[in-house]
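Written below as structure tokens is the structure these notes are about.
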Amino acid sequence: MRAAGIEVFLDQSELRGGDVWDQKIRREIHECALFIPVISATTASRHEGYFRLEWDLADQRSHMMARGRVFVLPVCLDTTTEAAADVPESFRRAQWTRLPAGETPPAFVDRVQRLLSPEASTPIRQPASAQSGAVGTLRAPVQASWSPKRGLLASVALLSLGALGYFVIEKLWIATPAVSSPTVAASAAPAAFAPPAHSIAVLPFVNMSGDKEQEYFSDGLTEEILNSLARISELQVSARTSSFSFKGKDVKISTIARELNVGAILEGSVRRSGHTLRVTAQLNNAVTGFHLWSQTYDRNLSDALKIQTEIADAVAGALKVNLLGDAATKIELGGTHNPAAFDAYLRGSTAFIARHNAEDFRAAVSAYTEAIRLDPNYARAYAARSRALRVQATGTNAPEKVADATKAISLAPELGEAHLALASAYAAELHFSRANEEYERALALAPGNAQVLESYGDFAVAMGHTDLGLAAARRAVLLDPLNRSSHYALGATLRFARQYKEAIESTRNALAIDPELPFDMTAGYMWVAYYELGDLQGARAACNDKRDNWLSQVCLAVIYEKLGQHGDAEAQLAKLRADNGFAYQWAEIYAQWSNAAKGLDALDVAFRLRDPGLRYLKVDPLLNPLRREPRFQEIERELQFPN
């Protein structure tokens, strides 16, 4: 109806609980020109009291003379009949129109427009060609002399039932759905918004436990639900960082959807009391504002995995996704039914995501270790601990990383996160062929996981697989558009792919998201793009502010030499060489100084120390002056880059 230019009020939109909800509904029913109750076996039941109240209010208006009457046009979505035993008598006074599963033919919209026209003072006769089939019969139940000033305001009662169950029971306000005003016409909706089919974002579920300390649980459970949906390859799921960026903000669902480019929004609440869990979930179509599905689950904490499966299955059904294979097996893969282990795992995930210092890493690893102690078969906990150890121990040999990832795979061979953990561990230890196999396996198992895509993109380009790497990095940005890390990673990938202008743009996008972005994620690397473009002043400006940072020292050592300031360049290199951990960067500097002998000596040191920078040896533009040297080519062969 909106697409035909008819103004529609959907009674699930812009509604808070309690009296505000009730008053809004009453006002809209009082002012509308056409009331469309949507009937199904659920809403037709005598137990659905508020639905009947809405209908009765509209029915009373159909007999009023002071302001004009309202047309009541019941629409039935299933096989419920007017004669069914549990259908109230008032429901039988108007003839029903049948639109199975909500499929709406043009003839129905045309009849609605004629009902709303000034000439609709006499019953509308159904053409003979339309007297059977999906549209059914359509007639005006009353005569109306009032010409509506606002076109149609249709209150859709089936959806009000879902809103009542969600907003009133939980007494909670979540982001406003896409239809923010009952007077917004379809023609006012931006036509350019066309999100991908089956795309969805999961907003942070609200902690209803009455205890701020339980925030980690509601956030963690939300992330698990998000990950469960992401394991369904037929869905496109916005990544955690982008979805969680709206936490605590009063932002309309339509705005969130446009920011994330998704067609549906899942939101809800979590109430935990001991080992008892209540999870309420609601799915909205972000384009139309229609409420698609909602459900409340009252379960034991040990059933958290089952709740995730049921929500994912229901969401897929509401979005009309044809699941391939056993979705439950994918969703519950590597999980646990041990409540205490699950709780420890969520605490670890919260600490890892919020990490700022070594203490946060220790807290994350400790919580994951506790989860593993409580459930030695908890594959996701092993994979998560491996990831935490890798980030914490960057540049060092940590056999525990490989051991944990290998254990996770032995417990859950199809768990993409486990293969990602093992790939990352191998890559950090410069075992590139093994890492390549695990990255490809992770990507095959979790093609919708932004972390997998981001990590694989960086690795693939480093291995010389430029097209594959860029495609993965761009896909990661698409799934996680509000994450500074995804834009930074794309920028780094573009830099190694020699696409310098776009690399600078991507890095600027990361800064636009977070102006406080660490130096080593922005200017610390962006200078290379300026330098390779021949813009020495731009490169110098990019790295001049953090002279005590090792990345700035590399940059200034190169730039000063190009500007003829050899003494200043030597001083920067001396600062860097005071720490023996930057042999790879010494090689970059000497290569740009055209000192091949010292550059190759530095690479020998880097190879002996297993410097993590060596993963970029094959594509690093700063090493180009050394590539034809036999010693360089020997080191490249020794590193055994995959073909």
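The values are calculated or read from the model by the stated rules, or taken from the named source; none is laboratory data. Every value quoted in this text rests on a predicted model; they were computed, and no experiment measured them. All Cβ positions, even for glycine, are placed from backbone atoms using ideal geometry, and neighbour counts span all protein chains on display.
Structure above, values below:
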{"item": "Residue match in region 320-329 (condition: buried (at least 23 other Cβ atoms within 10 Å of the Cβ) and in contact with a helix residue (DSSP H, G or I) (Cβ under 8 Å, 6 or more places away or on another chain))", "result": "no"}
{"item": "Residue 404 being within 22 Å of residue 214 (Cβ to Cβ) and acidic (Asp, Glu)", "result": "no"}
{"item": "Odd one out for residue 271, checked against (1) crowded, with 18+ Cβ neighbours inside 10 Å; (2) closer than 27 Å to residue 233 by Cβ; (3) in contact (Cβ under 8 Å) with a residue 24 or more places away in the chain", "result": "(2)"}
{"item": "Residue check for residue 354: over 15 Å from residue 412 (Cβ atoms), under 24 Å from the mean Cα position of the chain (by Cα) and free of Cβ contacts under 8 Å to residues at least 40 places away in the same chain", "result": "yes"}
{"item": "Qualifying residue in region 383-402 (condition: more than 27 Å from the chain's Cα centre (by Cα), surrounded by 24 or more Cβ atoms within 10 Å (Cβ to Cβ) and in a helix (DSSP H, G or I))", "result": "yes"}
{"item": "Residue list for region 311-361, restricted to those being closer than 27 Å to residue 375 by Cα and assigned to a loop (DSSP other than H, G, I, E, B)", "result": "326, 333, 334, 335, 336, 337, 338, 354, 355"}
{"item": "Selection within region 522-566 - polar (S, T, N, Q) and modelled with pLDDT of 85 or more", "result": "537, 552, 553, 565"}
{"item": "Residue in region 530-545 that is outside any helix (DSSP H, G or I), closer than 25 Å to residue 507 by Cα and free of Cβ contacts under 8 Å to residues at least 12 places away in the same chain present", "result": "yes"}
{"item": "Tally, over region 196-205, of residues that are surrounded by fewer than 21 Cβ atoms within 10 Å (Cβ to Cβ) and either without any contact (Cβ under 8 Å) to a residue 60 or more places away in the chain or not in a loop (DSSP other than H, G, I, E, B) (or both)", "result": "1"}
{"item": "Evaluation of residue 362 against (1) within 29 Å of residue 272 (Cα to Cα); (2) basic (Lys, Arg); (3) at pLDDT 95 or above (one fails), failing number", "result": "(3)"}
{"item": "Boolean, residue 502 is assigned to a helix (DSSP H, G or I), buried (at least 19 other Cβ atoms within 10 Å of the Cβ) and of a type in the set (Asp, Glu)", "result": "no"}
{"item": "Residue among 455, 433 that alone is small (Gly, Ala, Ser), touching a residue at least 40 places away in the same chain (Cβ under 8 Å) and in a helix (DSSP H, G or I)", "result": "433"}
{"item": "The lone exception for residue 475 - which of (1) touching a helix residue (DSSP H, G or I) at 6+ places or on another chain (Cβ under 8 Å); (2) farther than 30 Å from residue 257 by Cβ it fails", "result": "(2)"}
